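What follows is one structure encoded as structure tokens, with my remarks underneath.
The values are calculated or read from the model by the stated rules, or taken from the named source; none is laboratory data. On a predicted model such as this, the values are computed, not experimentally measured, just so you know. We place every Cβ from the backbone using ideal geometry, glycine too, and count neighbours over all the protein chains shown.
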Amino acid sequence: MGGNRRFVEDKSIRPRQGRSTLIGSEKGQKPFAIIVGCSDSRVPNEIVFDQGVGDLFIVRTAGQVMAAASYGSIEYALAVLGSKLVVVMGHQACGAVDAAIKRPDVPGHIVTLVNSIKPAAQKAKAMGGNLLENAIRQNVIDQVMELRDLDPILSKKYQKGDILIVGAVYQLSTGKVEFLPETLSNLPDFRASSK
Ligand SMILES: [Zn+2]
């Protein structure tokens, strides 16, 4: 959150991005956070959080839709690399969420994305206010809940308070990451130092 504040204020320090950071980096990694984000070219995670080499383990698909390979990647970072935080991050004007609302005919595997986001789009249609914005937030909330319930690794670690799983939405126009209050309340007692 501090890194994003720097980015928004145009005071990025671009940490751990020089050549000296690369020396020895082949020996291992210990990313402190996992970002499950959208592939959108306007959401470059290290830049918007002002982080560097080795800081973030990132899983990106359009609409941050997840399937088995995503789950395995997240589990690997948590169970093997020791990451403690999972951030599911949607963003303003997400084309994948927009498609799940409008449901155009889409070719090839794109339909997989639309189908996965459809339930969130349906819930958003029952809400007042901006349909796309609500669907983007609901999609993130649904994905956070999906990960909290994911057996066998995430659900156990989450309930024990070994890890945090939260949701956020990135504003393209301002660069600001808003963490969603719906995913910050009623958290299990988090023990950052525990294994
Ligand atoms: Zn997107």
Output the residue which, of all residues in the range 67-83 that are closer than 29 Å to Ile23 by Cβ and either assigned to a helix (DSSP H, G or I) or in contact with an Asp or Glu (Cβ under 6 Å, 6 or more places away or on another chain) (or both), is farthest from the ligand (Cβ to nearest atom).
Ala79
Residue pairs qualifying under the 8 Å Cβ cut-off, at least six apart or on distinct chains, with the first in the range 18-34 being touching a residue at least 12 places away in the same chain (Cβ under 8 Å) and the second being part of a helix (DSSP H, G or I), are Pro31/Ala77; Ile34/Ile74; Ile34/Ala77; Ile34/Leu78
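Can you tell me how many residues in the range 84-98 are at negative phi and part of a loop (DSSP other than H, G, I, E, B)?
We begin by selecting, within the range 84-98, every residue at negative phi; these are 84-92, 94-98.
Narrowing further to those that are part of a loop (DSSP other than H, G, I, E, B): 84, 92, 94.
So the count comes out to 3.
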Cβ-Cβ distance below 8 Å, separation of 6 or more or different chains: which pairs start in the range 51-63 with a residue that is over 15 Å from Ser20 (Cα atoms) and without any contact (Cβ under 8 Å) to a residue 60 or more places away in the chain and end on one that is within 14 Å of the ligand (Cβ to nearest atom) and of a type in the set (Gly, Ala, Ser)?
Ile58/Gly37; Val59/Gly37; Arg60/Gly37; Arg60/Ser39; Thr61/Ser39; Ala62/Ser39; Ala62/Gly95; Ala62/Ala96
Return the total of residues in the range 11-55 being crowded, with 21+ Cβ neighbours inside 10 Å and not in a loop (DSSP other than H, G, I, E, B).
5
Mind telling me which of the residues Lys125, Lys102 ends up being surrounded by fewer than 23 Cβ atoms within 10 Å (Cβ to Cβ), basic (Lys, Arg) and more than 15 Å from the ligand (Cβ to nearest atom)?
Lys125
Does Val86 satisfy the condition of being within 14 Å of the ligand (Cβ to nearest atom) and surrounded by 21 or more Cβ atoms within 10 Å (Cβ to Cβ)?
no
Quickly run through the range 160-177 and pick out the residues that are crowded, with 16+ Cβ neighbours inside 10 Å, of a type in the set (Val, Ile, Thr) and outside any strand (DSSP E or B).
Ile163
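Looking only at the range 23-63, count how many residues are under 14 Å from the mean Cα position of the chain (by Cα) and within 27 Å of Ile13 (Cβ to Cβ).
Residues of the range 23-63 that are under 14 Å from the mean Cα position of the chain (by Cα), as a first pass: 32-40, 43-46, 48-49, 56-63.
Imposing the further condition that a residue be within 27 Å of Ile13 (Cβ to Cβ) reduces the set to 32-40, 43-46, 48-49, 56-60.
Of the residues in that region, 20 qualify.
Kindly evaluate Gln64 against the criterion of being of a type outside the set (D, E, K, R) and more than 16 Å from the ligand (Cβ to nearest atom).
On the way: of a type outside the set (D, E, K, R): yes; more than 16 Å from the ligand (Cβ to nearest atom): no.
No.
Just need a number here: residues in the range 118-159 that are assigned to a helix (DSSP H, G or I) and either farther than 25 Å from Leu187 by Cβ or in contact (Cβ under 8 Å) with a residue 60 or more places away in the chain (or both).
So in the range 118-159, the residues assigned to a helix (DSSP H, G or I) come out as 118-125, 131-148, 153-159.
Within this subset, residues satisfying the condition of being either farther than 25 Å from Leu187 by Cβ or in contact (Cβ under 8 Å) with a residue 60 or more places away in the chain (or both) are 118, 121-122, 125, 131-132, 139-140, 143, 146-147, 153-154, 157.
Counting residues in the range 118-159 that are assigned to a helix (DSSP H, G or I) and either farther than 25 Å from Leu187 by Cβ or in contact (Cβ under 8 Å) with a residue 60 or more places away in the chain (or both) gives 14.
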Being at pLDDT 95 or above, out of contact with any Leu (no Cβ under 6 Å at 6 or more places or on another chain) and either of a type outside the set (A, V, I, L, M) or not in a helix (DSSP H, G or I) (or both): is that true of Gly108 here?
yes
Residue set Ala68, Ala77; condition buried (at least 16 other Cβ atoms within 10 Å of the Cβ) and either in contact with a helix residue (DSSP H, G or I) (Cβ under 7 Å, 6 or more places away or on another chain) or at pLDDT 95 or above (or both); output residue Ala77
Going through the range 19-46 one residue at a time, which ones are aliphatic (A, V, I, L, M) and more than 16 Å from the ligand (Cβ to nearest atom)?
Leu22, Ile23, Ala33, Ile34
